[in-house]
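Engineer: So that we are looking at the same thing, I have put the structure below in C-alpha cells.
Every number in this text was worked out from the coordinates using simple rules, so none of it is lab data. Computed from a predicted structure; not experimentally measured. Neighbour counts run over all protein chains shown; Cβ positions are idealised from the backbone, glycine included.
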Amino acid sequence: MDVELIEIQEFLANHPPFEQLPEAVLEQLPRQFVVRYLRRGSAFPPPDDQAAHLYLLRRGAIELRDEQDELVGKLAEGELFGDVCLSDEVERALRGETLEDTLLYSLTCAQFERLRAEHPAFAEYFADPTTKRLRKALDALTEPAAATGGLMTVTTRDLLRRKPVMASPSLSIREAAGIMSAERASALLLMEGEQLAGIITDRDLRNRCVATGLSTEQPVREIMTAAISTVDADALGFEALLQMTRLNVHHLPVVDGKQLLGMLSTSDFTRFQSTSGVYLVGDIHKAESQHALEAISAKVPELQVQLISSGATGGHVGQAVSAVTDAIAKRLLELAEAELGPPPVPYAWLVGGSQARREQSSHSDQDNALLIADSMSKDDDRYFRQLAERVNDGLNACGYIYCPGDVMAKTAQWRQPLAVWQRYFEQWIKRPDPKALMLASVFFDLRALHDPAGLFDGLHEQVLELSRNNRIFIAHMAANALKHRPPLGFFRNFVLIHGGDHDRTFDLKHRGTVPIIDLARVYSLSSGLASINTVERLEAAAETAALTHDGGANLIDAFELINTLRIRHQASQLRNGEKANNFLAPEQLSPLERGHLKDAFLLIDRMQETLGQRYQAGRFG
C-alpha cells in the first residue's frame, strides 16, 4: 500500500464511524475512496460527480445552504456529509461552497450502503442520534466497570504515586542512606546509566551493614540486591501483588519496556485498598483532633485516583468525595461543640455549591452558611461566630480552602437567623440583580448538613414556592445560565484559551459542566423541584413541562461524559504529582474522544438556545 493510501487508512481508523470497521476492511477501504481537491469558492457537492456520494472532509471548510439560500450548517475536518445517501428529495437540495482549499474523501452511495449492510456497528452510527452516541461513549470511557473493583481492574502504572528515587551504586552506603532519609523512601533503586543495577532497602541497611559492622563508607553495591524482578506497567495490580507474595519481597520496580517508571511497595497496596470512601469516613468519625482529620483528608486525592482507575464516572467520584467532605465538616462541628459546649439555640449548618450537589472533586474550596433559630439573642452570636471560625479554619487546614468570595459561615452576612434568611431569598427572587444572580450558584444549591431541629426544611419550601411563581426571576436566571457557553466555534472546532498559564486549552468546568448545572438549576426552580444534585434535577425536570424526557436523558449523558473526562484529567495530574485543574488541551484526547466531546458541547449549545427562546432570556443578558 502506498503512502497516500496508508494516510487515508490511518485517518479513517481515528474517526467515527469508520473506527468501528474490522482491520481487514480498513486496509481495503482506502482503495474505494476517491480523493477530491476543491479550490476555495468551489461548489459542493462537486458538480462533476455524476453519482451520489458520501463525503468525508479531510481538510478545509464547507458552508451549507438550503433552497432559500439560508445558511444551515458548516463542515469541518473529520465531518461527514451523507444526506444524499440517507435522506429524501427535500434534503437533497442542500448545496454548499468551500470557504478555503478543501480535501475530500468520497465514497459512492452504493459502496456506502454495502458497508452499512455488512457491518452493523458501522450502520448504528447513522441510525443513532448524537445523544445515543454520547451514551455509548460514556460506557466506553468507564470500562472496565468497577464491578470487580480494586486490584482486579487497576494497572501497576496507576498504582505508582511518585517518581523513582535513584542513585549510583558507586555511592557510599552512608550517602545512599542519606538520600533515602531525605526522600523518605524505604528503598533506593541503583542505576548504571539507564540500566537498573540493583536495589537496597531499609532491611538491607540493617541486616547487611549495621548488623555485620560493615563500614558505611563502602560502596552501596556491596549490600545491594542485584537479581531484581520487575513488573510491566500494564500488568494488573493483583498480578504484581501475587508476584511480590511469591518472591517474598516488599518492593517491586515497574517498567515500561526498558524504561523504569517507579517502584511499588506493600504500603502502596495497603493505601490503595484503604482509601475507599467507606474506610475514610469510618476513620473520620473516630478522629479525636483536627490534626487527625488533616491526615485523613490528605488521602482524598488518592480516593479520586483510585475510583477513576477502577472505572468510576465523574458522578461516582463526586458522590464519594462529597461524602468524605461532609464527614469532615460534621466531625469538625462535633469537635467544636465539645470545646464550646452545647449551642444556646438550635442551628443548621448549610453547605452550598458542588458539595451541596454532591459533585465535588478532591479539595474544592468551601461554601457554607449558618442558619440559626429566631430565638437567638445578640449574645448568642459570639458562640456561633466561634463555632463557624473553628469549622471554617479546620476545613481550610484539611485542604478545603477558604471561599474566595467569603461565602462562609464565619462571615457575619452568612451567619443569620431564619427571619433574615427568609428576607434574603425574598429580595433575591422578587428583585433579582447582578449580585443575586452571582450568588445563585451557591445559595440556590443549599443542603442542610447538620440540622437537628429541621430549620432548613421550611426555608427551602418557601424558596421553591417563591421561585416557581416568579417568571421574571426565572427569566433572569435563564439569562444568567446562558453566560457560560461551551467552547465550540461555528465550524465545530474547539475555541481555546490563548496566552497565560492555560494557553491552548479549554476549561472543562466553566465551559463544560457548569452550563449544564446552570440549565438544571433553571429547570428545577421553574418547576419548584426540591432536588439539588444536577442529575437528579434533570431526571425530575424531565417529568414536568420544563424539559422533555429525551432532553433530560441527553443532558445527563453529556454531563456525565464531560465530568468524567474532567475528573479523569484531574486524576492523571494527581497521579503525576501535579496540582489538579480543569484545563484540558485537545491533544490530550483521542480523536474519538474529541468527536464525542464536540457532540456534547453541540447538545449544550442547542439546549441553551431553546432555553433562551423560551424565556426570551436575551432581554435580561
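Engineer: Using label points projected 7 Å from each Cα along Cα→Cβ, tell me how many nm separate E7 and D393, to one decimal.
Structural biologist: Using points 7 Å along Cα→Cβ, the separation is 6.6 nm.
Engineer: Continuing with this model, one more query. Chymotrypsin sites (Phe, Trp or Tyr not before Pro), restricted to the range 383-420: which are DSSP loop and have at most 16 other Cβ atoms within 10 Å?
Structural biologist: The qualifying sites are Y402.
Engineer: Please work out the FRET efficiency for the pair E543 and D406, using the Cβ-Cβ distance as r and a Förster radius of 41 Å; give the result to the nearest 0.05.
Structural biologist: Calculated value: 0.65.
Engineer: Calculate the length of the line joining the C-alpha centroid of the range 185-234 to that of the range 505-547, in whole Å.
Structural biologist: Centre-to-centre distance over Cα atoms comes out at 56 Å.
Engineer: Of C109, C85, C398, how do they rank once you tally other Cβ atoms within 10 Å and put the fewest first?
Structural biologist: Ascending number of Cβ neighbours within 10 Å: C109, C85, C398.
Engineer: What value in Å³ per residue do you get for the convex hull of the alpha-carbon atoms in the chain?
Structural biologist: Convex hull volume per residue, Cα atoms: 203 Å³.
Engineer: Report, ordered by chain and residue number, the lysines lying within cross-link reach of K509, taken as a straight Cα distance under 21 Å and ignoring same-chain residues fewer than 8 apart.
Structural biologist: Partners within reach: K483, K579, K598.
Engineer: Write out the trypsin sites (Lys or Arg not before Pro) in the range 414-492 meeting two conditions: DSSP loop, and at most 15 other Cβ atoms within 10 Å of their Cβ.
Structural biologist: Qualifying residues, ordered by number: K483.
Engineer: Note the full-extension length gain between E587 and A419 as 0.36 nm times their separation in residues minus their Cα-Cα distance, in nm to one decimal.
Structural biologist: Details: separation 168, 0.36 × 168 = 60.48 nm, distance 5.25 nm.
Extending this stretch completely gives an extra 55.2 nm.
Engineer: What number of lysine-lysine pairs in the range 275-459 show an alpha-carbon separation below 26 angstrom, given a sequence spacing of 8 or more or placement on distinct chains?
Structural biologist: The number of close lysine pairs in the range 275-459 is 8.
Engineer: Still on this structure: Could you work out the longest stretch of the chain that avoids the GluC sites (Glu not before Pro) located in DSSP loops with at most 10 other Cβ atoms within 10 Å?
Structural biologist: 289-577
Engineer: Then there's this: Quick one: if the Förster radius is 51 Å, what FRET efficiency do S531 and S172 give, using the C-beta to C-beta distance and rounding to 0.05? Walk me through the numbers on the way to the answer.
Structural biologist: Values: r = 65 Å, r/R0 = 1.27.
So the FRET efficiency works out to roughly 0.20.
Engineer: Here's another thing I want to ask about it. Under the rule that a partner needs its Cβ under 4.7 Å from the first Cβ, which Cys of the chain have none?
Structural biologist: Lacking a cysteine Cβ partner under 4.7 Å: C209, C398, C403.
Engineer: How do M191, M263 rank when sorted from fewest to most other Cβ atoms within 10 Å of their own Cβ?
Structural biologist: Taking fewest neighbouring Cβ atoms as first place, the list is M191, M263.
Engineer: Pulled fully out, how much extra length does the chain show between N576 and Y37, if you take 0.36 nm times their separation in residues and subtract their Cα-Cα distance? List each step's numbers first, then the result.
Structural biologist: Values: separation 539, 0.36 × 539 = 194.04 nm, distance 4.43 nm.
The N576-Y37 span can extend by a further 189.6 nm.
Engineer: Additional query: Quote to one decimal, in nm, the extra length available between L247 and D379 on full extension: 0.36 nm per residue of separation minus the C-alpha distance between them.
Structural biologist: 40.8 nm
Engineer: At 7 Å along Cα-to-Cβ for each site, give me the label-to-label distance between Q427 and E113 in nm.
Structural biologist: Spacing of the two 7 Å Cα→Cβ label points: 7.0 nm.
Engineer: Turning to a different aspect of this structure: For an R0 of 60 angstrom, estimate the FRET efficiency from the Cβ-Cβ distance between T610 and E194 and round to the nearest 0.05.
Structural biologist: 0.55
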